[in-house]
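Peer 1: Here it is, the structure, as structure tokens.
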Amino acid sequence: MGTVFSFDVRGGEPQAVRVALDEAVASLHRVNEVFSTYCEGSQVSRMARGELTVGECDPEVAEVLELGAEAERASDGWFSLRYEGRLDPTGIVKGWATERAARLISGVPGVSGVSVNGGGDVQLLGVPGPERPWRVGVSDPLRPGGLAAVVSAAGADELAVATSGTAERGAHIVDPRTGRSAVTDLVAVTVVAPRLTWADCWATAAFAMGSREALAWLESLPDVEALLITAGDEVRCTGGLARRLG
Amino acid sequence: MHPLKKNRPLRRIMLASAATVSGVVMLLALKPHTAPQVAVASPAPSSSSSSGAVSGKGGTTVTGDSVQTRWGPVQVRVTVQNGKITDVTAVTYPQDNPRDQQINAYAIPQLRSEALKAQSADIDTVSGATYTSDGYRQSLQSALDSAGL
């Protein structure tokens, strides 16, 4: 079981865009090789077994672990780099890698906008065209194929939309405090923030918290808006989300 | 100037065929927590075939790139009339075994209705709880990717 990445690149010379895309795809495969906890031979698996030190891994490993430690602090431990006591940076890697791939492509001369969707988490950079912002549908967890909201990136040069929930894959978010599936009244949390690295972590942490604590915590974070959907089909938003809905 | 050139949906499809809108589909094994299993990262290099636009009385028909997926090649044809998508058809799709045929029976009509729905919402992409490569086949995102919407 894997996931799918979709790239949408506007502007730029086609050949140069193709080269950058190939590079971005190669970098995602490389990230998978280094960070996969399902591959016994990956650097992260070997590190978890004590066979490698951080210093012996690719420099990206130290970078990601540092970002993950920051996410653990900012979320008061609701986001975690460990699973069943074992080192597992899976929760931060996908968002970080998706954001990095988007930035790599946006560096191509003439590219006006990039949208990269990594299995349902999106990093947007720039604009798709002169008269229009990027627009992201938020899928409705209780009505498959339907949209719960549409987020517009109008006025933002960078915007990420990350969703955590149970809709597509059943319960898979673990409460780091109990080690079991998170007991939560939420079915989905969508976080809107400039960088996907953080948006993805905050969505995961907020989902595990449950709606009450999550909403208060998300409100306290600067430049972060969110949409929470409960199992009872109630929708809760942070105060500033409305100006992002289009 | 082409009479439809001002209409955004067609313009985007044209961009797609000019390869500046580049949809790349790949599979990764960055799988969050479920029961541990051996993950097989199967890179799916997207092979492109040429796409062309044909204008006629019933609108303009654009055939998208053929994308190589884990299950076989997938290719979608879109009809645009007055700047609006009026039809989405799967030209090529995996149908080698009963399981494929069973999935296609609902996935293809769903792809069509979702492409049309996404157009009315005027969106570029979709955020939702992490989908698997299997789930992707039936997702709104795959409809957007296929249609170059």
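The values are calculated or read from the model by the stated rules, or taken from the named source; none is laboratory data. None of the values given here were measured: they were computed from a predicted structure. Reconstructed Cβ throughout: ideal geometry from the backbone, glycine too, with neighbour counts over all protein chains shown. Side chains are part of the model used for accessible areas, which takes the heavy atoms of the whole protein and leaves out ligands, DNA and RNA. Shrake-Rupley method; radii C 1.70, N 1.55, O 1.52, S 1.80 Å.
Peer 1: Taking chain A as a Gaussian network, Cα atoms linked when under 10 Å apart, which of A:LEU125, A:LEU196, A:LEU104 shows the biggest mean-square fluctuation?
Peer 2: For chain A, modelled as a Gaussian network with Cα springs under 10 Å, the answer is A:LEU104.
Peer 1: Report the Cα-based extents of chain A along its three principal axes, largest first, to the nearest Å.
Peer 2: Cα spread of chain A along its principal axes, largest to smallest: 52, 47, 31 Å.
Peer 1: Right, here's the next one. So, with +1 on the Cβ of K and R and -1 on the Cβ of D and E, and no other charges, what is the size of the charge dipole of the stretch A:5-244 about its Cα centre, to the nearest 20 debye?
Peer 2: Values: 22 positive and 33 negative charges, 81 e Å.
That gives a dipole near 380 debye.
Peer 1: Accessible area of A:CYS201, 1.4 Å probe, to the nearest 10 Å²?
Peer 2: 0
Peer 1: For chain A, what is the mean residue ellipticity at 222 nm derived from helices alone (per DSSP H run of n ≥ 4: -39500 (n - 2.57); sum divided by total residues; nearest 500 deg cm²/dmol)? The partial results should precede the final answer.
Peer 2: Values: 6 runs with 85 residues, N = 246.
About -11000 deg cm²/dmol.
Peer 1: Among A:GLU72, A:GLU63, A:GLU131, whose mean-square fluctuation peaks in a Gaussian network model of chain A (Cα, cutoff 10 Å)?
Peer 2: A:GLU131
Peer 1: Once a ≥ b ≥ c are taken as the square roots of the eigenvalues of the Cα gyration tensor of the stretch A:1-122, is the result rounded (a/c under 1.5), prolate (a/b larger than b/c) or oblate (a/b not larger than b/c)? Kindly include the intermediate steps, with their values, before the conclusion.
Peer 2: Working: a/c = 2.32, a/b = 1.84, b/c = 1.26.
Note, shape of the stretch A:1-122 comes out prolate.
Peer 1: Here's another thing I want to ask about it. Counting only heavy atoms of protein chains, what accessible area per residue, in Å², does chain A have with a probe of 1.4 Å?
Peer 2: On the way: 9670 Å² over 246 residues.
Computed with neighbouring chains in place, this is 39 Å² per residue.
Peer 1: List every DSSP H helix in chain A whose Cα atoms extend 20 Å or more along the helix's own long axis and whose mean Kyte-Doolittle hydropathy is at least -0.5. Don't skip to the answer; put the middle values down first.
Peer 2: Working: long enough: A:14-35 (31 Å, 0.30); A:59-74 (23 Å, -0.05); A:90-106 (25 Å, 0.12).
Length and hydropathy pass: A:14-35, A:59-74, A:90-106.
Peer 1: Ballpark to the nearest 100 Å², how much total accessible area do A and B bury together, probe 1.4 Å?
Peer 2: Values: alone 12050 and 9360 Å², together 16570 Å².
Accessible area lost upon association: around 4800 Å².
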